[in-house]
Amino acid sequence: MSSKVFDCIVIGAGIQGSCTAYQLAKNKQKTLLLEQFVLPHSRGSSHGQTRIIRKAYEEDFYTQMMQESYELWAELEKEAGVELYRRTGLLVMGPEKSEGFSKLKDTMQRHKIPTVFLEKQEFNEHISNVNLSEGNGALIDTFAGVLYAERSLQAVQRLFQCSGGVLKDGQTVTGVSPGAVVTVSTGSAVYRGKSVVITAGPWANTLLAHAGLQLPLKVVKINVCYWKEKIPGTYSVDQSFPCFIQMEPKEGEYDIYGLPSNEYPGLMKVCYHMGSETDPDERDKQTDRGDIDILARYVTRCLPGLVPAPAVVESCMYTVTPDHHFVLDSHPSYGNIIIGAGFSGHGFKFSPIIGKVLSQLAMGQVPSHDLSPFRIQRFQSQSKSSL
Ligand SMILES: Cc1cc2nc3c(=O)[nH]c(=O)nc-3n(C[C@H](O)[C@H](O)[C@H](O)COP(=O)(O)OP(=O)(O)OC[C@H]3O[C@@H](n4cnc5c(N)ncnc54)[C@H](O)[C@@H]3O)c2cc1C
Ligand SMILES: O=C(O)[C@@H]1CCCC=N1
């Protein structure tokens with residue numbers, strides 16, 4: 001048995017665990033980052049080439065957190081010496097009179113986020129190849145853009161190791177024993193840490209069961225669809241085509257979002273912001289394509305320059321909370337077990353700031369952001385502590 005006691009053990013080397021581990025190492029904490037799969041892998045939520053970064057949110061707290069997150073992304077880019085963010089702007093479209101679209105518009109104005117509001121005629125003049133749905137409004141979050149996801153993940157893991165952190169992949173954590181010093185077991189080793197951070201993505205509840213806690217999390221499989229441009233380049237990042245979010249494409253439907261063609265030339269990524277429930281270990285057995293039907297209808301209606309059948313379909317998972325807000329908190333019974341979970345398909349852009357606040361909790365510091373929207377307590381009857 002290893003006698004070394006780490007200041008912190010982080011379980012799960014997706015983007016949230018990797019950013020947390022890096023912050024801890026930067027703060028001179030002896031940190032161990034454990035990952036079940038051999039890295040890099042494509043079995044969780046942080047793989048793939050691109051993600052959207054934006055300040056356009058309905059809720060003040062997300063827009064506020066993004067102010068610092070953009071600064072931390074710029075810092076990371078400098079430290080890593082690679083481009084992680086590309087500014088494209090984000091086009092948001094949604095039913096003009098809906099609560100969601102109005103709230104988002106108000107939040108942008110209240111926080112003075114650089115925004116262009118587009119009337120129907122301006123829209124048609126400036127945004128070719130997109131049909132604005134009847135009754136929809138449109139705006140552009142001008143500093144939004146694309147994050148290079150896989151590159152970011154690898155950069156953060158590299159920086160963590162360069163700061164003295166220990167990264168062990170291919171090690172599945174099979175036991176977590178709470179205590180003043182927490183014992184973490186894998187199939188082949190036992191580690192001890194003064195604190196533990198659980199950032200296990202879709203496997204959060206499997207890990208939390210060891211610490212007597214279950215959260216109301218739903219894991220869904222996302223079909224990541226790429227659609228062929230009828231004329232190559234029409235929706236390309238090089239032609240300054242923006243990312244987009246279509247709120248409420250139809251009543252009762254989830255948002256649809258897209259990123260300009262970039263990682264696969266001639267193919268634009270357009271996805272549905274929900275999927276069908278899955279067991280994370282059986283992801284590929286979930287073959288529901290109802291979301292692809294919704295997307296194909298939307299592409300036909302609103303993106304006429306794309307062939308309305310996906311050319312490439314990849315897989316990813318969301319871990320969704322009932323209110324779609326994150327969980328960033330300490331374990332209700334063990335203050336030295338910290339939980340980052342339930343990122344509900346929109347957590348990547350926040351990862352540097354999430355890493356910062358989770359590391360602050362692990363170091364016993366007061367977090368630098370108000371974490372009240374992210375507390376476990378909000379679920380009350382839904383989260384059952386089995387202790
Ligand atoms: C298709 C798709 C599109 C998205 N688009 C956006 C976007 O545009 N913008 C945005 O901001 N966000 C977006 N997101 C969300 C974002 O990618 C996620 O919120 C984020 O990647 C979650 O990271 P994570 O570290 O929590 O989870 P993961 O990346 O899943 O990491 C968890 C890690 O824990 C490991 N692990 C689990 N159990 C164990 C164990 N027992 N022992 C050791 N290791 C373990 C797993 O193997 C995994 O590597 C998108 C997500 C998807 C799927
Ligand atoms: O987080 C994001 O920006 C994307 C787009 C909207 C839906 C989810 N992910």
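Every number in this text was worked out from the coordinates using simple rules, so none of it is lab data. Quick caveat: nothing in here was measured; it's all calculated off a predicted structure. Note that we place each Cβ from the backbone using ideal geometry, even for glycine, and neighbour counts take in every protein chain shown.
Against the main long axis of the alpha-carbon atoms of the chain, helix 290-302 sits at an angle near 40°. Rounded to the nearest 20, the Cβ-based charge dipole of the chain about its Cα centre (Lys and Arg +1, Asp and Glu -1) stands at 1020 debye.
Please give the helix 351-362 orientation as an angle from the longest Cα principal axis of the chain, in degrees from 0 to 90, rounded to the nearest 10. So the helix axis and the longest Cα principal axis differ by about 20 degrees. A DSSP coil position with no more than 11 other Cβ atoms inside 10 Å describes the following GluC sites (Glu not before Pro) in region 71-177: E83, E119, E134. Calculated on the alpha-carbon coordinates, the convex hull of region 129-273 measures out at 187 cubic angstrom per residue. Placing a pseudo-label 7 Å from each Cα along the Cα-to-Cβ vector at N131 and R158 gives an inter-label distance of 4.5 nm. Maximal additional length on extending the D370-E71 stretch stands at 105.8 nm, based on 0.36 nm per residue less the C-alpha distance.
The residues R378, R51, when put in order of fewest to most other Cβ atoms within 10 Å, stand as R378, R51.
Label positions at E79 and T206, each projected 7 Å from the Cα along the C-beta direction, are separated by 2.9 nm.
Once backbone amide H atoms are built at 1.01 Å from N, T174 has S185, T186, G187 as its partners under 5 Å, excluding neighbours fewer than 5 places away on the same chain. Projecting the Cα atoms of V320, A296, Y191 onto the charge dipole of the chain (Cβ charges, centred on the Cα centre) puts Y191 farthest toward the positive pole.
Think of the chain as having a plus end and a minus end, set by charges on the Cβ of Lys, Arg, Asp and Glu; of M268, G81, A56, G81 sits farthest toward the positive end of this dipole. Computed over every Cα-Cα pair of the chain and binned at 10 Å starting from 0, the pair-distance distribution P(r) comes out as 5, 23, 33, 24, 11, 3, 0 percent. Going from the fewest other Cβ atoms within 10 Å to the most, the residues I337, I140 appear in the order I140, I337. Each Lys and Arg Cβ is given +1 and each Asp and Glu Cβ -1; about its Cα centre, region 163-248 then shows a dipole of about 260 debye. For the chain, the 222 nm mean residue ellipticity estimated from helices alone, with every DSSP H stretch of n ≥ 4 adding -39500 (n - 2.57) and the total spread over all residues, rounds to -8000 deg cm²/dmol. Sorted ascending by nearby beta carbons within 10 Å, beginning with the fewest, D291, D255 become D255, D291.
Filter the cross-link list K250/K349; K30/K78; K103/K269; K105/K218; K120/K269; K228/K269 down to pairs whose alpha-carbon distance in this structure exceeds 19 Å. Violating the 19 Å Cα-Cα cut-off are K250/K349; K30/K78; K103/K269; K105/K218; K120/K269. Relative to the dominant Cα principal axis of the chain, helix 60-80 is inclined by about 70°. A DSSP coil position with no more than 14 other Cβ atoms inside 10 Å describes the following trypsin sites (Lys or Arg not before Pro) in region 314-376: R375.
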